[in-house]
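The values are calculated or read from the model by the stated rules, or taken from the named source; none is laboratory data. Owing to the predicted nature of the structure, the values given are computational and were not obtained by experimental measurement. Note: ideal-geometry Cβ built from the backbone for every residue, glycine included; neighbour counts use all protein chains shown. Just so you know, the surface numbers come from the protein's heavy atoms only, side chains and all, with ligands and any DNA or RNA stripped out. Shrake-Rupley method; radii C 1.70, N 1.55, O 1.52, S 1.80 Å.
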Amino acid sequence: MAISPAPSWAGLTLDRPRVMGILNVTPDSFSDGGAYADPAQAIAAGRAMAEAGADIIDVGGESTRPGATPVPPAEEIRRILPVVRGLAEAGLRVSIDTSNAATMQAALDAGAAIVNDVSALTHDPAAAPLVAAHGCPVVLMHMRGTPGTMMGHAQYADVAAEVAAELAARMAAAEAAGIARAAICLDPGFGFAKRAEHSVALLRRLPELAALGRPLLVGVSRKGFIGRLSGEERPAARLGGSLAAGLFAVSRGAAILRVHNVSESIAALRVWRALAD
Ligand code: HH2
C-alpha cells in the first residue's frame, strides 16, 4: 500500500509540530510592545528565533490587543518593511501579520512568504484578490468584529460549532476569490472575541476544527486566558501556562504554535514528542 505523504503547508512538512516566532515591531503590543523599536534589533531577534528552531517568523506592525487603536498602513509599512527585508534576505520564512492589503503587498515584495490575517481577509476588500494573485500561503484567523469591538461579540451558544462554521465560511470565501485550498491554514483566534471559557472550550474541542481539513495554527502564548487560569497577571511572565496550553493544543491536533518564547517552546515540544512517540 502506498504511504500517503505527510501533509504540508507553506513548504513545511507537518509530520511534526511547527513553531512560528512572534516579532512585534510595535510600540504597544500587549506583552512585548516597544521591545524591538530599532530594525537592527528586530532583525537580530528574528534571526535568534530562527537559530533556536522557529520555522516561521511572524512580523507584525500593528497591535491587535482588545481595544487597540488601528495604525495607518503607511506607518505599519514603515515599521515592518526593513525587518521583513532583513529577515527574508537572511533566508528566513517570514509571515506578515496584517489585515491591510497595502502592507501585505509591501511585505510580499520585500520577501515575505506568508500572509497572516487576523480578520481572515475580511478587513480589506483588496486582500483576498491580492493573496489569490500572489499564490502565497495564508492564515485565516477567526474573529468577530474588530480588535476595537470584538469583546462585545464574545457570545456563543456552542463556541466550537460556531467557530468551525464561521471558519468554513471564510475558507469558502477565500476559495471563491481564487485562493487554493492547499494555501490555507486555519486559526481559532484565541482571545479574539473569546472570553476565557470560550478559549478553554475551543482548545478541548480542537479536533472538531481539525476536521475542516486544513492545518491549524494556534496562538495561545501569553494570552489573557492563560493569565486567568494560572493566576499570573503579567503577560511576559505567562511562559509556564503558555507551554502547558501549547502542548495541550498539539495533543489535540494543532500543527503550528505561534509563540513569543521560541527556544522554550521547542524544548517543550521535543520532550513531549519523545514521550508521545
Ligand atoms: N494573536 C495576536 C496577533 N496575531 N495571529 C494569529 N494567526 N493568531 C493569533 O492568535 C494572533 C495573531 C495577538 O498577539 P500578539 O501579536 O502577541 O499581540 P499584539 O496583537 O498586541 O501585537
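What is the one condition in (1) within 13 Å of the ligand (Cβ to nearest atom); (2) open to solvent by 10 Å² or more (accessible area, probe 1.4 Å); (3) in contact (Cβ under 8 Å) with a residue 60 or more places away in the chain that residue 250 does not satisfy?
All conditions pass for residue 250, except number (1).
Can you pull out every residue in the range 114-133 that is open to solvent by 40 Å² or more (accessible area, probe 1.4 Å) and in contact with a Lys or Arg (Cβ under 9 Å, 6 or more places away or on another chain)?
Going through the range 114-133, the residues open to solvent by 40 Å² or more (accessible area, probe 1.4 Å) turn out to be 122-123, 125-126, 129, 133.
The one that is open to solvent by 40 Å² or more (accessible area, probe 1.4 Å) and in contact with a Lys or Arg (Cβ under 9 Å, 6 or more places away or on another chain): 122.
Could you tell me whether any residue of the range 159-171 is in contact (Cβ under 8 Å) with a residue 24 or more places away in the chain, among the charged types (D, E, K, R) and either more than 13 Å from the ligand (Cβ to nearest atom) or surrounded by fewer than 23 Cβ atoms within 10 Å (Cβ to Cβ) (or both)?
So in the range 159-171, the residues in contact (Cβ under 8 Å) with a residue 24 or more places away in the chain come out as 159-161, 163-164, 166-168, 170-171.
Next, only the ones that are among the charged types (D, E, K, R) stay: 166, 170.
This time we only want the ones that are either more than 13 Å from the ligand (Cβ to nearest atom) or surrounded by fewer than 23 Cβ atoms within 10 Å (Cβ to Cβ) (or both), so: 166, 170.
Within the range 159-171 (the criterion being in contact (Cβ under 8 Å) with a residue 24 or more places away in the chain, among the charged types (D, E, K, R) and either more than 13 Å from the ligand (Cβ to nearest atom) or surrounded by fewer than 23 Cβ atoms within 10 Å (Cβ to Cβ) (or both)), the answer is yes, since at least one residue qualifies.
When residues of the range 252-277 are filtered for being of a type outside the set (A, V, I, L, M, F, W, C) and more than 21 Å from residue 141 (Cβ to Cβ), how many remain? Give the steps one after another, and end with the answer.
Narrowing the range 252-277 to residues of a type outside the set (A, V, I, L, M, F, W, C): 252-253, 258, 260-261, 263-265, 270, 273, 277.
Narrowing further to those that are more than 21 Å from residue 141 (Cβ to Cβ): 263-264, 270, 273, 277.
Looking only at that region, the number is 5.
Give me a count of the residues in the range 234-270 that are of a type in the set (S, T, N, Q) and closer than 19 Å to residue 114 by Cβ. Lay out the reasoning, then the answer.
Let us first name the residues in the range 234-270 that are of a type in the set (S, T, N, Q), namely 242, 251, 261, 263, 265.
Going one step further and asking which of them are closer than 19 Å to residue 114 by Cβ, we end up with 265.
The qualifying residues number 1.
For the range 172-187, what are the residues that are surrounded by 13 or more Cβ atoms within 10 Å (Cβ to Cβ) and charged (D, E, K, R)?
175, 187
Mind counting the residues in the range 136-158 that are surrounded by 14 or more Cβ atoms within 10 Å (Cβ to Cβ), out of contact with any strand residue (DSSP E or B) (no Cβ under 8 Å at 6 or more places or on another chain) and not in a helix (DSSP H, G or I)?
Initial filter on the range 136-158 (surrounded by 14 or more Cβ atoms within 10 Å (Cβ to Cβ)): 136-147, 150-151, 153-154, 156.
Add one more test, that the residue is out of contact with any strand residue (DSSP E or B) (no Cβ under 8 Å at 6 or more places or on another chain), and what stays is 143-147, 150-151, 153-154, 156.
Among the residues that remain, those that are also not in a helix (DSSP H, G or I) are: 143-147, 154, 156.
Here the count works out to 7.
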